[in-house]
Amino acid sequence: MDDNTEILTVALTGLNATDNPGPGLGVIRALREEYPKIRIIGLSYDSLEPGIYLHNWVDKTYQIPYPTAEVGLLLDRIKYIHDKENINIIIPNFDSELYNFIKIAPELTGIGIQTFLPTHQQLEARDKANLYKFGEMHGLNVPTDIIAYSAEDIKKAEEKFSYPMVVKGKYYDAYVAHTPDQAQKSFYYLSAQWGFPVIIQQFIKGTEINISCLADGGGKAISIVCMRKLYITEKGKAWAGVTIDSEDLTELAQKFARATNWRGSFELEVMRDANEQLFIMEVNPRFPAWIYLTVAAGQNQPAMLIKLTQKISLPPVPAPTTGKMFVRYAWDHIVDVSEFQQLTAFGEL
Amino acid sequence: MEKLKYERPLIKKMNTGIPNKFGQKAAFEPVKYIDEVPVKQLIEKFGSPLFVLSEQRIRRNYRAAVRAFSTRYPKVQFAWSYKTNYLNAVCNIFHQEGSWAEVVSGFEYHKAINNGIPGEQIIFNGPYKDAEALNLAIENGSLIHIDHFDELYNLITLCKSHHKKPKVAVRVNMDTGVYPVWDRFGFNYENGQAWSTITKVLESGVLQLAGLHCHIGTFVLSVNAYKAAASKLCDLAMKCKSQHNHIIQYLDMGGGFPSVNTLKGYHPSGADAIPSIDEYAEVITETILNAGFEKDDLPLLILETGRALIDDAGYLLGTVVANKRLSDGRKATIVDFGVNVLFTSFWYEHKISPAQDATQHTEETVLYGPLCMNIDVLRESVNLPLLNAGDHLVVHKVGAYNMTQWMQFINLRPAVVLIDKSSNVHLIRQPETLEYLQTPELLPDYLKIVHG
Amino acid sequence: MKLRKNIATSENGFIFNPATGDSYSGNAIAAEILSMMKNGQIAEEIKATILEKYDAEPNQLDKDWEDWMLQLKQANLLDE
């Protein structure tokens, strides 16, 4: 295919392949498989994101301002990088940066950088604090929750559902609390870490399933790959998982895409309880860290995202191959300290 | 041979796991001019420190805010929040633009009257209105916003002696999803107190219920909170019509829109970024327009925006006094303006720029004011270029609250100048003098001689 | 005020302290002074060189030298 050989420059974030990994390296691996000549520009926040130092995967990395900085600074920095690298497409891979990237998307288009992102409204609708309301509106099961602004609100949660309950930070982190003490401790920790509100959610016992999807912005999920978690780290991240397929899961993902008209990638974190009921626990507005498994299942979602961005029509995808497993592993990559110095001082490597 | 430009030697630890500075270079760019007037010249002429206000920016902000609301809603009125900045020159810029006055004390009320504002264009808010001012407000036909029952009954009693029927509004507090709820001001919506007050006002026979007022907080970053507030006020107004056949003339949505400053200890993600005034205007006007008012009953929309209209029009210029290194290795810089002058440094991380060229090297610095007081810390940590004693600094976005909340403490308060649209500089408040400060002081005779 | 042995300095002004594993970056003048210190020059010689080359006041340089020593001490780069 022609488009496989043309040189494409894609910039992306999420190079933090750490114990709580970002999806960046998975996305790169998927893209390199489809576009062997692709040029990958890493965008990093921390100087120790491993992807920065993996030169076989990332051609060049630039530090970019934190999502907390003014959005204008991000745009300026991207323009600076664009001048040197001539970026075709940007794929943001962090929840917390997405708002800013959506905001500057029109300006990026103006300078020739394409994106394929949801709208601010779509982003807001699936926010942890709004998810229950969203589920109610669209007939999707979401565990009951209490949006907590003070530790007093834990009592409201106790009245509404019983222990254990899940205490979640505004952006990241979740802890299961079995006692009021634990709930309170988690509340204080998470509010200090991520601000308000803290979400206290009904605990659902069951099987954890994650669904990686790509939707066209017109109400249709183009690719849906389901993964059953086989091993979970202390932080609740999948360390190993296997592709599965089931009609009710696919239907759930389609229903979400229809209800939101979602544009781009998203991940549904789903729980299947003892009564075979599916609950949406969380919706991540980006690719999951295990995204390379979609390639193994025969649906290269990052490559499909590129084609959607380029407005290339996609042939219908075959059903995902089930029984493909991923087992994540850690690797000590060796570099000289001068690379770290170089990046820290000049913001480029 | 010509000598090279000297800069003090500096090494910096390359840390892991802290935010990188890339993309933020703009923050260290020198600010040498304010509205085309050189900073250096301003300091030479008016001293250091010095507050500088940009008239052009004030008017531009005001017009943008008015545009945001009046293009979406037919009847809009702004009232300048005096407490935000009540220098007469500032108030009169807003009044020239068509703003009414919003005051919260007898002192501010008199200020508005002295500025030539007609009584009926003064909104009198706040939990304490002294008897003298309240009488004057009744006499002048000002809009009195009732805060508590004691005030309501006091007002009813006063009216009987005045034989006037003053226009009043009921201040309502409510749960808008923004916490803490400002329930210390006005009457609560959820527990029915607001409605009960409205009924009492209507049944008093001596008060005209002209409006409903809320002011849900300060630096409110949630647009949806205003939607909730507007919809609750509309609900009360509709109920006035349906149950008492009384038409509410105005809804006062108060203020609380944020400026583009950074609150201390607040680390927003992009999603918490500050919404534009258009976004607030959109939800407020849409809510009122869709509330179900008949066309002729559509209330006047009053806004008391303060901070968002003036914060970024104000600058504080200052001078570096000294550099030192603290025992733990941190760099410290002492400047000639302290927390007594830059009061907002208690809650903002103010952006601070050098006022002269500097190299790209920067250093993490604790910024201390000149007061011999441990609390005088302007920034716990700020990245600044290598500054030397005598260098000038520009603090940004200081137009709101500083020139009203500042304290005379240890040092005298500095001058304030206004730069007009032709870049002419006007002194609008002289620097304080020892004489000025001692004028109200009285010294008993036996204390006049210190060496007996 | 002798610099520790083995301190690695690069042309870009980077410093690596092999004893602690910390990296530092410096401005041009810091790199210059470090290299003089590495060559075993004493404070007076270094200051004289700086004054000759740069438009610095002796008082200013004296103040800054105090600060420089504190920085090196803080960074654990001095051999005492």
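Using the structure shown, decide if B:E441 is open to solvent by 20 Å² or more (accessible area, probe 1.4 Å) and in a loop (DSSP other than H, G, I, E, B).
yes
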Within segment B:400-422, the count of residues that are at positive phi and either within 24 Å of the chain's Cα centre (by Cα) or surrounded by 15 or more Cβ atoms within 10 Å (Cβ to Cβ) (or both) comes to 1
Just checking, which of C:E11, C:E32 is away from chain B (no Cβ under 11 Å) and either at pLDDT below 90 or not in a loop (DSSP other than H, G, I, E, B) (or both)?
C:E11
Would you check which residues across segment A:171-189 are open to solvent by less than 50 Å² (accessible area, probe 1.4 Å) and under 20 Å from the mean Cα position of the chain (by Cα) and list them?
A:Y171
Checking A:Q193 against (1) modelled with pLDDT of 90 or more; (2) polar (S, T, N, Q); (3) farther than 30 Å from A:I306 by Cβ, the condition it does not meet:
(1)
Looking at segment C:20-35, I want the residues that are free of Cβ contacts under 8 Å to residues at least 12 places away in the same chain and have a partner that is surrounded by fewer than 20 Cβ atoms within 10 Å (Cβ to Cβ) and in a helix (DSSP H, G or I) with Cβ atoms under 7 Å, at least 6 apart or on another chain. Which pairs are those?
C:S23/A:V337
Mind checking whether some residue in segment A:290-313 is of a type in the set (S, T, Y) and without any contact (Cβ under 8 Å) to a residue 12 or more places away in the chain?
yes
Restricting attention to segment B:61-91, and to residues there that are open to solvent by 30 Å² or more (accessible area, probe 1.4 Å) and part of a helix (DSSP H, G or I), which single residue is farthest from B:G306 (Cα to Cα)?
B:S70
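Yes or no, residue by residue, for (1) in the same structural domain as A:L268 (by TED's automatic domain parsing); (2) buried (at least 16 other Cβ atoms within 10 Å of the Cβ); (3) more than 29 Å from A:Q182 (Cα to Cα):
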| site | (1), (2), (3) |
| --- | --- |
| A:Q121 | no, no, yes |
| A:G139 | no, no, yes |
| A:A151 | no, no, no |
| A:I154 | no, yes, no |
| A:A157 | no, yes, no |
| A:F161 | no, yes, no |
Check B:L221 against each of (1) within 14 Å of another protein chain (Cβ to nearest Cβ); (2) open to solvent by less than 10 Å² (accessible area, probe 1.4 Å) and name the one condition it does not meet.
(2)
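Per-residue answers, yes or no, for (1) in a helix (DSSP H, G or I); (2) open to solvent by 50 Å² or more (accessible area, probe 1.4 Å):
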| site | (1), (2) |
| --- | --- |
| A:G42 | no, no |
| A:K79 | yes, yes |
| A:I90 | no, no |
| A:A105 | yes, no |
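Would you kindly identify the helices (runs of 4 or more DSSP H) lying entirely within segment B:190-293 that contain at least 3 residues that are more than 29 Å from the chain's Cα centre (by Cα) and either on the phi < 0 side of the Ramachandran plot or at pLDDT below 95 (or both)?
Counting at least 3 such residues, we get B:193-204, B:223-244.
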Which of the residues belonging to segment B:384-399 are within 14 Å of chain C (Cβ to nearest Cβ) and open to solvent by 10 Å² or more (accessible area, probe 1.4 Å)?
B:L386, B:N388, B:A389, B:G390, B:D391
Boolean, B:G329 is open to solvent by less than 30 Å² (accessible area, probe 1.4 Å), of a type in the set (G, A, S) and modelled with pLDDT of 95 or more:
no
Among the residues of segment C:53-72, are any within 28 Å of B:N15 (Cβ to Cβ), free of Cβ contacts under 8 Å to residues at least 24 places away in the same chain and surrounded by fewer than 14 Cβ atoms within 10 Å (Cβ to Cβ)?
yes
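Give me the residue from segment A:306-349 that is under 30 Å from A:T109 (Cβ atoms) and of a type in the set (A, V, I, L, M) and, out of that set, nearest to the other protein chains (Cβ to nearest Cβ).
Ranking the qualifying residues of segment A:306-349, first place goes to A:L343.
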When you check B:L301 against the structure, is it in a strand (DSSP E or B) and either of a type in the set (D, E, K, R) or buried (at least 17 other Cβ atoms within 10 Å of the Cβ) (or both), yes or no?
yes
Is one or more of the residues making up segment B:97-120 more than 20 Å from B:F219 (Cβ to Cβ), of a type in the set (D, E) and out of contact with any helix residue (DSSP H, G or I) (no Cβ under 6 Å at 6 or more places or on another chain)?
yes
Condition first: more than 8 Å from chain B (Cβ to nearest Cβ), hydrophobic (A, V, I, L, M, F, W, C) and over 14 Å from B:E7 (Cβ atoms). Now tell me which residues in segment C:59-73 satisfy that.
C:M69
Suppose we filter segment B:320-375 for residues that are part of a loop (DSSP other than H, G, I, E, B) and either more than 14 Å from chain C (Cβ to nearest Cβ) or at positive phi (or both); how many remain?
22
Pick from segment A:44-72 the residues that are open to solvent by 30 Å² or more (accessible area, probe 1.4 Å) and more than 12 Å from chain B (Cβ to nearest Cβ): which of them is nearest to A:F346 (Cα to Cα)?
A:K60
Residues of segment C:35-58 classified as within 8 Å of chain B (Cβ to nearest Cβ) and either closer than 18 Å to C:R4 by Cα or not in a helix (DSSP H, G or I) (or both), total
3
Hits in segment A:134-171 (condition: in contact with a helix residue (DSSP H, G or I) (Cβ under 7 Å, 6 or more places away or on another chain), without any contact (Cβ under 8 Å) to a residue 60 or more places away in the chain and within 14 Å of chain B (Cβ to nearest Cβ)):
A:I146, A:A148, A:A151, A:G169, A:K170
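For A:E33, indicate whether it is open to solvent by 20 Å² or more (accessible area, probe 1.4 Å) and within 14 Å of chain B (Cβ to nearest Cβ).
no
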Of (1) under 27 Å from B:D35 (Cα atoms); (2) at pLDDT below 95; (3) of a type in the set (S, T, N, Q), B:N374 satisfies all except one. Which?
(1)
Which residues, counting only those in segment B:42-78, are touching a residue at least 24 places away in the same chain (Cβ under 8 Å) and among the charged types (D, E, K, R)?
B:K45, B:E55, B:R57, B:R59, B:R63, B:R72, B:K75
Would you mention how many residues in segment A:329-349 are in a loop (DSSP other than H, G, I, E, B) and open to solvent by 50 Å² or more (accessible area, probe 1.4 Å)?
8
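The values are calculated or read from the model by the stated rules, or taken from the named source; none is laboratory data. Values in this document were obtained by computation on a predicted structure and should not be read as measured data. Backbone-built Cβ (ideal geometry, glycine too); neighbour counts: all protein chains shown. Calculation scope for accessible area: heavy atoms of the full protein, side chains included, ligands and nucleic acids excluded. Shrake-Rupley method; radii C 1.70, N 1.55, O 1.52, S 1.80 Å.
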